[in-house]
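Here is the structure we will look at.
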Amino acid sequence: MSSVVWLEEVRNKDVSTVGGKGASLGEMINTGLPVPRGFAVTAQAFRRFLEETGIAEELFKSLEIEVNNPEELKNASIKAKKLILEAPIPYDIEKSIKDSYMELCKREGEEVFVAIRSSATAEDLPDASFAGQQETFLNVKGAENVVMAVKKCWASLYGERAIFYRVEKGFDHRKVDLSAIVQKMANAEKAGVMFSLDPSTGEQKVIIEGSWGLGETIVSGSVSPDTYVVDRASKKIISKNIATKNIMAIRDPVTGNTKIVEVPEDKKNATVLRDEEILKLAEIGVLLEKHYGIPQDCEWGIENGKIYMLQSRPITTIKKIKKEEDIEGDGELLLEGLNASPGIAYGIVKIIRGEDELDKVKDGDILVTTMTTPDMVKAMKKAVAIITDEGGTTCHAAIVSRELGCPAVVGTRNATKVLSDGMMVTVDGAKGQVYKGKLEKAIKTQKVEAKVISTYKPITVTEVKVNISMPEAAQRAADTGADGVGLLRIEHMILGLKQHPNQYIKEGTEEEYINELVESIKVVADAFYPKSVWVRTIDAPTDEFRKMKGGESEPLEANPMLGW
């Protein structure tokens, strides 16, 4: 069997050769979807490497350890990796890898940066069971470097975590092989996200967001993207919202690392996508939905005029609202933005310019800010609607508002300047509009329930679980049909309390603290019973804990993400 196989030659039946990840990419390519070119160094090539170099027996012998002994585990991993990294790859395998990389460069017309990702396989076990156990190597360039990265990818099969996982799950190390996927990295000049169905309303519209450079600025909410809406029935563009885009993420041509730069002046207010690109993306979005049998949330990039699909995952819930009375014409329109979360609400404006002002927000207020942060969630729960200057439909404000069922309008550009504290406004989250005053047809709070639209659940031995931050979202998450909770972040519950854990201890009110957490966890456990719920103990950054009453003693760290 060949040591290398091109992804376009791969099908689902080839899981034992290229692993689950490789097989999935091959399926997407053969469905006609634009996926970055690449090839797989087969699992059989890895097996030949172990056997022909004579390291197999010594390697597997070194793994006969007590994995619960950290020192033994560490030493076994070091030895196994050393054996692989120091052993020469058989000449024909190395030549196949180099030749394939050069052929990839030839097809692309230049020496390209590639990503090398692991795609594990084992007898009777899908690749997904090993997700996250091996390493990925990005921005690799040059044939020699690709060969070395493939060896590092192989070696990562024997990392401490991977060894421990296999032993704990009862997998035989000798029966686990690894395919290395070598794929061109798309250096997008413009990128973004796409929903094959409107996530705010459930309407038959494709929602596309785009900005200059790589797509991470959109996902992080650090830039307000252009938004394009395509009607699925007529296949026509029905709206465009061109935003001011001040920054973009690009790949450094020398180091290959990502850096943030200012958008050139002539592009800041220019449309990112041409009409033909908008329509082509919409067509791909619908095709992806048909292929997977469920509406999709996709990431895309465009390099040298060519569209690449970088990722696609299901939209597990769609906000479905009853048809509302039209409130247009009933009041003065103050602002327009993106319809991030549906519903209509009116209330008093509270502008938040810093985290020290969060206490201004009371129950029933309208929270207005430049862009929300995780620290604002407690205040967001009190608000009946959210308005932001920046962001798109995948920004923090949009995601949290949809989870809370709270109307939200994002990307208004100047809400913090147009509005002022104490103003009465009405927010129409479904249309992305803000009106002056309390409109007669407005509903004080229209909590929007998520309608589960997944009619297709893949058959897999891999359990698919959800992550939850707020107990309020537990029932909606359970309704998706998830196999349980893979991560319940307890620190978010603690941050929602009135004071620091140490303050409860200092005051001798530990029982109150315990009861608060028990009640919050119980809400999630009840929603998912009898399925498992994994609770993560305190892992909060010190900068967030410091802001709580009694948190003054938290250290000032250069890296607060180290935890508490």
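We did not get these values from a lab; they are worked out from the coordinates using the rules stated. All values derive from a computational prediction rather than experimental measurement. Here the Cβ is made from the backbone with ideal geometry for all residues, glycine too, and neighbour counts use every protein chain on show.
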* Asked: With respect to the cross-link table entries LYS95/LYS152; LYS21/LYS169; LYS106/LYS205, which display a Cα-Cα separation exceeding 27 Å?
  -> LYS106/LYS205
* To do: Once you have the Cα-Cα distance between VAL254 and LYS436, take 0.36 nm times their residue separation minus that, and quote the gain in nm to one decimal.
  => 60.4 nm
* Structure fact -> To the nearest 0.05, the calculated FRET efficiency linking ASN515 and THR271 through their beta-carbon distance, R0 being 41 Å, is 0.15
* Among TRP300, GLY20, SER520 - extreme Cα towards positive end, dipole of the chain, charges at beta-carbon -> TRP300
* Structure fact -> Put in order of increasing Cβ neighbours within 10 Å, starting from the fewest, PHE195, PHE39, PHE164 give PHE164, PHE195, PHE39
* Taking ASP375, ASP428, ASP359, ASP177 and counting other C-beta atoms within 10 Å, the order from fewest to most -> ASP359, ASP375, ASP177, ASP428
* Structure fact -> Contour minus Cα-Cα span, LYS74 to GLU283, at 0.36 nm per residue, comes to 70.3 nm
* Asked: Past the 27 Å Cα-Cα mark, which pairs from LYS268/LYS382; LYS74/LYS465; LYS81/LYS175; LYS151/LYS190; LYS245/LYS465?
  -> LYS268/LYS382; LYS74/LYS465; LYS151/LYS190; LYS245/LYS465
* **Magnitude of the charge dipole, the stretch 319-436, Cβ model with Lys/Arg +1 and Asp/Glu -1, debye to 20** => 300
* Gap separating the Cα centres of the stretch 242-291 and the stretch 486-548, nearest whole Å -> 39
* Where both partners of a DSSP beta bridge lie in the stretch 344-425, what percent of those bridges are antiparallel, to the nearest 5? -> 15
* **Protection proxy ranking of 17-24, 333-340 - average other beta-carbon atoms within 10 Å, highest first** => 17-24, 333-340
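Sort GLU8, GLU216 so the one with the fewest other Cβ atoms within 10 Å of its own Cβ comes first. Before the final figure, lay out each step's value.
Values: GLU8 13, GLU216 16.
In increasing order of surrounding Cβ atoms, one gets GLU8, GLU216.
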* 222 nm [θ] for the chain, helices only, -39500 (n - 2.57) per DSSP H run of 4+, per residue, to 500? -> -9000 deg cm²/dmol
